[in-house]
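One structure is given here, and the rest of the page talks about it.
The values are calculated or read from the model by the stated rules, or taken from the named source; none is laboratory data. Keep in mind it's a predicted model, so treat the numbers as computed, not measured. Positions of Cβ are generated from backbone atoms using ideal geometry, with glycine treated the same way; all protein chains shown enter the neighbour counts.
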Amino acid sequence: MIIRRRRPLLPALAVLCVPLIAVCASTNVAFAPGGFLPLGNWGGDSAAMIVSDTGTHLHIACTYGDVSGRLPLTADGRFDVQGSYLLRAFPIAVGPTMPARFVGRVAGTAANPVATVTVTVTDTVAHTTVVRGPVVVTWGAAAKEMPCPVCRRPVISKG
């Protein structure tokens, strides 16, 4: 007859859980590598951003732009995506929308992310390049000092 001794489970769990707790408690890492810009409403001085599963909508003062789909983040929280932008949006939207590059970085914690965003617009009407920003927006904050209204869109989640 072979008698097996049970090994204590607690040391094994400690070896597995301590590194996980350390990663989750860190305040320097905002998002995991290969993640996405967090869903929700973001606000800042003369800026607002609405992020959903289907796209991102960004207001900078009285102009706005859109990116289709989720914005992927690199390991250090950066993004660089193509979208469209309307430079003449208020008081009456005068098109066309123009090609734009949205570049930014998300920092902070997972509970309090802050994004810095710059948009470079190829103005196909005036044949020039227009840079909007950088602006800083905080997840869950309201837009401040907006000289014109911010679009109101529900955050749509496929999950």
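Observations on the structure shown:
- Filter result for residue 38 (loosely packed, with under 14 Cβ neighbours inside 10 Å and at pLDDT below 95): no
- Residue list for region 129-159, restricted to those being polar (S, T, N, Q) and at pLDDT 95 or above: 129, 138
- Qualifying strands (runs of 3 or more DSSP E) (wholly inside region 45-159; at least 2 residues being touching a residue at least 12 places away in the same chain (Cβ under 8 Å), of a type in the set (S, T, N, Q) and surrounded by fewer than 18 Cβ atoms within 10 Å (Cβ to Cβ)): 78-86, 112-123
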